[in-house]
Amino acid sequence: KTAPPAKKPTPAAAKKKAVPAPKEEAAPKKEAAPKEEAAPAPVTKEPPAPERPLEQPPAPTDESAPVPTEAGSEVAPVPAEGSPAVPAEPPAPEPKPEKPKEEPPSCPLSLAVEEVSESSFTLTWKAPEQTGRAGLDGYVVEICKDGSSDWKAVNQEPFLSTRYTIPNLSSGDKIHVRVVAVSASGASVPAALEQPVLIREILQLPKIRMPRHLRETYIRRVGDAVNIMIPFQGKPQPEVSWTKGGQPLDTNHINIRNTARDTIFYIRQAQRSDSGKYELTVQINGAEDKATLDIQVVEPPGPPQNLKLVDVWGFNVALEWTPPVDNGNSEIKGYRVQKSDKKSGKWFTVLERCTRTSCTISDLIIGNTYSFRVFSENICGLSDSAAVASGVASIEKTKTTYQPEKIPQRDMMEPPKFTQPLTDRTTTRGYSTHLFCSVRGFPQPKIIWLKNQMEIREDPKYIALIDQGVCSLEIRKPGPFDGGVYTCKAVNPLGEASVDCRLDVK
């Protein structure tokens, strides 16, 4: 039996037990003492102890060795044998985490073709959603002919604009195009068009873009410059022509300059003969568009004709005249009528923008002699001269006798009578207060104020006033002794009247 010698194992035997044993030897131990040998099972699962030098201190006595009676009794000496005095290998340094590389920008957005001509086309796009911390350096545009895989950069250096025109292309070519966003962290995924761009001229029907202010009559004064620019569109380059009444223009007087997108109509000094309707025609291969430019050159009108005095009565004058012979190539808006009296000799405007050819002037001063003149007015202003009436209007004095109406005399004498009495009042000590009443009478009555039947004379504490029959008494900062009965008495030669009130001071 092996159970008795297992009770006092030597340290050397403990070492041997710590070394994992083969499974064939573990079976008989379990049969001999299943309870005592249950503990070595977890010990054998532990890794072997680190090697120790052969020279070791003497083994402890048999009395100090633990008795393996329980399952956990033999576990204690195992960690004791692996004491911290045994040198251990230093732990390997942990590798430092690598910094994540910054991602390149995202793909440009909304790549589209804006315009195509016979030798170029224009691209537009939007900035990518993600540009990175460093921001974009710009964009690179690359092209490739259809059927080829050789991509070439159009621009040498990146640019930041989101619009680019690719020039020097051959008509009829099909071009693939893509745009790459570039930053310090790299290039983005290219944004490419799904279909190649066909380089060809796009036909556009002619169209005149007449400015809004030229759709109505264009008015200028005589001697002013006429400088008009009218834009148009059309592809290929349209033919532009100007006519007036179906006839070509006189290029010695009117200058026409045409560009690819507009035509300029210029007259250095406009004359009235330049008025009229001009026809502008823009034509491309039989297709055309027309517009009419109506120019009106105006000047101040002539004076009215046949101004005369029709009638003079009282302090009124009636005038009549006829329209001017020359209206200045513009409608007459009205007439301005002026008068001048013989004493001052100055002209004063009586009527403005009178739309009729007759008028009546009133409120003239009796005894004065007046002259009259009339100006005509159009869009340019007043005529340079006026039509003056041949005669004058004399407003004569008329002798009238004034008889005043006899009004019966009325006796206005009246004794004093109070129309508004005094009212009782309560006031606070130290706060000024007023007493009011109203009285009438003729002649104006004399007002006397009394306190407790004692007349108030020149006392600075009281201020008595009367205005339009309203009597007032101001009591300045009253005290307890200022309370009592106040009386207002009105006296005139026909009698007297009085009113009372009580004032309490708290």
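The values are calculated or read from the model by the stated rules, or taken from the named source; none is laboratory data. Being a predicted model, the structure only gives us computed values, none of them experimental. Neighbour counts run over all protein chains shown; Cβ positions are idealised from the backbone, glycine included. Each accessible area value is taken on the protein alone, full model and side chains, heavy atoms only, with ligands, DNA and RNA left out. Shrake-Rupley method; radii C 1.70, N 1.55, O 1.52, S 1.80 Å.
Note on Lys152 and Gln195: with the Förster distance fixed at 22 Å, the Cβ-Cβ geometry gives a FRET efficiency of about 0.70. Taking label positions 7 Å along the Cα-Cβ direction at both Arg261 and Ala134, the computed distance is 3.8 nm, reported to one decimal.
If packing is taken as the mean number of other Cβ atoms within 10 Å per residue, what is the order of 124-137, 434-447, highest first? Provide the component values of the computation, followed by the final result.
Values: 124-137: 14.7, 434-447: 17.4.
In decreasing order of mean packing, 124-137, 434-447 become 434-447, 124-137.
If one computes the Cα centroid of the stretch 302-351 and of the stretch 368-416, what distance in Å separates the two points? Answer, in whole Å: 19.
Figure legend: label point modelled 7 angstrom from the Cα of Lys399 along Cα→Cβ; residues of the stretch 332-367 with amide N under 19 Å from it are 366-367. Split the accessible area of the stretch 152-293 by element, probe 1.4 Å, and carbon with sulfur accounts for 46%. What FRET efficiency do you get for Asn252 and Arg221 if R0 is 25 Å and r is their Cβ-Cβ distance, rounded to the nearest 0.05? Efficiency at R0 = 25 Å is approximately 0.70. Per the Cα gyration tensor, the stretch 308-395 maps to an equivalent ellipsoid with semi-axes of 25, 13, 10 Å, ordered largest to smallest. Remark: the stretch 314-324, residue by residue, has Karplus-estimated 3J(HN,Hα) of x, 10, 10, 9, 10, 10, 9, 7, 10, x, x Hz, where x stands for each Gly or Pro and the curve is 6.51 cos²θ - 1.76 cosθ + 1.60 at θ = phi - 60°.
A cut-off of 5 Å between modelled amide H atoms, ignoring neighbours fewer than 5 places along the same chain, links Asn492 with Lys446. Counting heavy atoms of the protein chains only and a 1.4 Å probe, report the per residue accessible area for the stretch 414-505 as a whole number of Å². Normalised by residue count, the accessible surface of the stretch 414-505 is 62 Å².
With a simple spin-label model that places each label point 7 Å from the Cα along the Cα-to-Cβ direction, the separation between Lys446 and Ser161 comes to 10.5 nm.
Remark: the stretch 448-453, residue by residue, has Karplus-estimated 3J(HN,Hα) of 10, 9, 10, 10, 6, 6 Hz, where x stands for each Gly or Pro and the curve is 6.51 cos²θ - 1.76 cosθ + 1.60 at θ = phi - 60°.
Projecting the Cα atoms of Ser344, Asn378, Gly314 onto the dipole axis of the stretch 308-395, where Lys and Arg carry +1 and Asp and Glu carry -1 at the beta carbon, places Ser344 farthest toward the positive end.
Each label point is 7 Å from the Cα along the Cα-to-Cβ direction; what then is the distance between the points at Arg209 and Glu142, in nm? According to this spin-label approximation, the distance is 3.7 nm. Computed over all pairs of different Cα atoms, the Kirkwood value for the hydrodynamic radius of the stretch 363-490 is 21.6 Å. Cα convex hull, the stretch 109-199: 91 Å³ per residue, rounded to a whole number. The string of couplings for the stretch 118-128 from the Karplus curve (6.51, -1.76, 1.60, θ = phi - 60°) is 6, 9, 7, 8, 10, 10, 9, 7, 10, 5, x Hz, one whole number per residue in order, with x for Gly and Pro.
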